[in-house]
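Engineer: The structure's right below; bear with me while I get my questions together.
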């Protein structure tokens, strides 16, 4: 659900913050007041293309921020695809500079506009009076029908998906076995080359770390030798004519021996001194041994570098680690073995392929059966909705045909067809000429499919084009019906629709000194009646029109209460 929309420096909108609620959110205003700018801003923050003319004149950049609450799995899947945190609270933020440079962020992380659009497709569905993209695209029709089919079809599609994965695996293995002797010989030669190259290198797990440690030793061997020598010098010889640490400690120990002979109370001190003296002697012995063991072999560094080059070359060619290189060798050896046994394996694979094709055919047929059954229910419900929307003679059909090929959705081709008037043949939705008819068809579909659609928020941009009177009232009722289970944002000029608002926003334009500013105001009850009066009276709202507006609002409240009561009863 879209909770909040913040717009800054977009066209005539200097700054506006709109807090939407659940249910039906209505936006009204005079023609040219800037209602379309709200939709433009939403489209912009959802990742749609936009030009630099979006930026308010004289400003450095435009900003739009949209805050959503999204709990559906489809949103989480996209977040995983984009490698983003799976959060229910989503903040989409996008800017456009006056030079036309755009920046997109999802919960503070910079993403591409295409990534933003990919996520937004799971959050919101925009329907304009001319576009109706999702309904005009036959590819979307199968998705809508499948959602309406429910869990039974999802289960069959999962079975088909698993069968197809197995089928593709079998086909791939058959291709790798190769029917062409020349290709098979080439494959064998390539695998032998892999095995030989890795085998000759005699790769060992952990070898790289050992070599890197040895290389670091060789690079610092002179510093190591110097430090060891200096340490020994201070221990044995000392500096600037003084005795070394060992000599000084030996002198101190001799005096301590004398002290202990004269005063037995210093026994503990004498023992400690003995430990220090003995320990220092042992340290000198070990340090001397270590110093003598230091090897200066310039050729060793070259050998290490050459060996590392070999290992890095294998990693680049066969994987990012030596473990993966060895795994590649093992896989190549296994495949060589399998190729040697290719004839027997081919026979088994051909049998598996045939069985999987039969299994896939069964699942495809089951999908067709489920879709056909559901299409009958969907057809009757949509026709009932169309009849309620004053299209009494409309005929709606769901065409389901089969392709010769199949994919993860089966063999079916689904398309919605309609005959809006008596005596006309059914045609694809895209061929409906009347904007009013298209609006009502879309609304009927959304009313029936709202619960099946995974998208929470619908935006209807002046879809009331071409409707009026009783039809407008029916459209308003359908908008309210959809709003009971989904969030709806609707721009309208019709009072019958505006009266159904759960939240009502007024878009107004005014002149301020040298600039024009568009504002967005959330209307209370009184303001809603005043706006309904304006819509009904064309700006000449007398007492009669005001009374009619109040009556219209009361009718809307009564209708919504009746529907809530009926829903609670059912």
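The values are calculated or read from the model by the stated rules, or taken from the named source; none is laboratory data. Since we're looking at a predicted model, the values are computed, not measured. Cβ: placed from backbone, ideal geometry, glycine included. Neighbour counts: every protein chain shown.
Engineer: Among the candidates 406, 396, 416, single out the residue that is out of contact with any strand residue (DSSP E or B) (no Cβ under 8 Å at 6 or more places or on another chain) and either buried (at least 18 other Cβ atoms within 10 Å of the Cβ) or assigned to a strand (DSSP E or B) (or both).
Structural biologist: 406
Engineer: Which is under 18 Å from residue 114 (Cα atoms), surrounded by 22 or more Cβ atoms within 10 Å (Cβ to Cβ) and touching a residue at least 40 places away in the same chain (Cβ under 8 Å), of 66, 70, 62, 41?
Structural biologist: Working: 70 fails: under 18 Å from residue 114 (Cα atoms); 62 fails: under 18 Å from residue 114 (Cα atoms); 41 fails: touching a residue at least 40 places away in the same chain (Cβ under 8 Å).
Among 66, 70, 62, 41, only 66 is under 18 Å from residue 114 (Cα atoms), surrounded by 22 or more Cβ atoms within 10 Å (Cβ to Cβ) and touching a residue at least 40 places away in the same chain (Cβ under 8 Å).
Engineer: Return yes when residue 221 is within 30 Å of residue 344 (Cα to Cα) and either in contact with a helix residue (DSSP H, G or I) (Cβ under 6 Å, 6 or more places away or on another chain) or at pLDDT below 85 (or both) and no when it is not.
Structural biologist: No.
Engineer: Scan segment 73-95 residue by residue and report those that are in a strand (DSSP E or B) and without any contact (Cβ under 8 Å) to a residue 24 or more places away in the chain.
Structural biologist: First pass over segment 73-95, keeping only residues in a strand (DSSP E or B): 89-95.
Matches in segment 73-95: 89 only.
Engineer: Another one. Just one of the numbered conditions (1) closer than 17 Å to residue 549 by Cβ; (2) free of Cβ contacts under 8 Å to residues at least 60 places away in the same chain; (3) surrounded by fewer than 18 Cβ atoms within 10 Å (Cβ to Cβ) is not true of residue 496; which one?
Structural biologist: Condition not satisfied by residue 496: (3).
Engineer: When the residues of segment 1-37 are filtered to those that are in contact with a strand residue (DSSP E or B) (Cβ under 6 Å, 6 or more places away or on another chain) and part of a helix (DSSP H, G or I), which remaining residue is nearest to residue 504 (Cα to Cα)?
Structural biologist: In this case the residue turns out to be 35.
Engineer: Out of all the residues in segment 237-254, is one or more part of a helix (DSSP H, G or I) and in contact (Cβ under 8 Å) with a residue 40 or more places away in the chain?
Structural biologist: No, segment 237-254 contains no residue that is part of a helix (DSSP H, G or I) and in contact (Cβ under 8 Å) with a residue 40 or more places away in the chain.
Residues checked against (1) within 30 Å of residue 480 (Cβ to Cβ); (2) surrounded by 14 or more Cβ atoms within 10 Å (Cβ to Cβ); (3) in contact with a helix residue (DSSP H, G or I) (Cβ under 8 Å, 6 or more places away or on another chain); (4) modelled with pLDDT under 90:
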{"position": "347", "(1), (2), (3), (4)": "no, no, no, yes"}
{"position": "359", "(1), (2), (3), (4)": "no, yes, yes, no"}
{"position": "364", "(1), (2), (3), (4)": "no, yes, yes, no"}
{"position": "376", "(1), (2), (3), (4)": "yes, no, no, no"}
{"position": "387", "(1), (2), (3), (4)": "yes, yes, no, yes"}
{"position": "390", "(1), (2), (3), (4)": "yes, yes, yes, yes"}
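Engineer: Kindly indicate whether residue 47 is over 28 Å from the mean Cα position of the chain (by Cα) and either more than 26 Å from residue 529 (Cα to Cα) or at pLDDT below 90 (or both).
Structural biologist: So residue 47 fails the test.
Engineer: How about segment 339-360: which of its residues are free of Cβ contacts under 8 Å to residues at least 12 places away in the same chain and either part of a helix (DSSP H, G or I) or more than 30 Å from residue 191 (Cβ to Cβ) (or both)? Walk me through it before giving the result.
Structural biologist: Let us first name the residues in segment 339-360 that are free of Cβ contacts under 8 Å to residues at least 12 places away in the same chain, namely 340-341, 343-344, 347-348, 351, 354-355, 358.
Across segment 339-360, the qualifying residues are 340, 343, 344, 347, 348, 351, 354, 355, 358.
Engineer: Residue 57 is checked against (1) assigned to a strand (DSSP E or B); (2) more than 14 Å from the chain's Cα centre (by Cα) and fails just one. What number does that condition carry?
Structural biologist: (1)
Engineer: In the list 282, 299, 306, which residue meets the criterion of being loosely packed, with under 13 Cβ neighbours inside 10 Å and closer than 26 Å to residue 247 by Cα?
Structural biologist: Only one candidate qualifies: 282.
Engineer: Now a separate question. Out of the residues in segment 432-447 that are part of a helix (DSSP H, G or I) and touching a strand residue (DSSP E or B) at 6+ places or on another chain (Cβ under 9 Å), which is modelled with the highest pLDDT? I'd like the intermediate steps shown before the answer.
Structural biologist: Residues of segment 432-447 that are part of a helix (DSSP H, G or I), as a first pass: 435-447.
Right, trim to touching a strand residue (DSSP E or B) at 6+ places or on another chain (Cβ under 9 Å) and you get 437, 439, 441-446.
Details: 437: 73, 439: 69, 441: 79, 442: 76, 443: 79, 444: 83, 445: 80, 446: 78.
Only one residue fits best here, namely 444.
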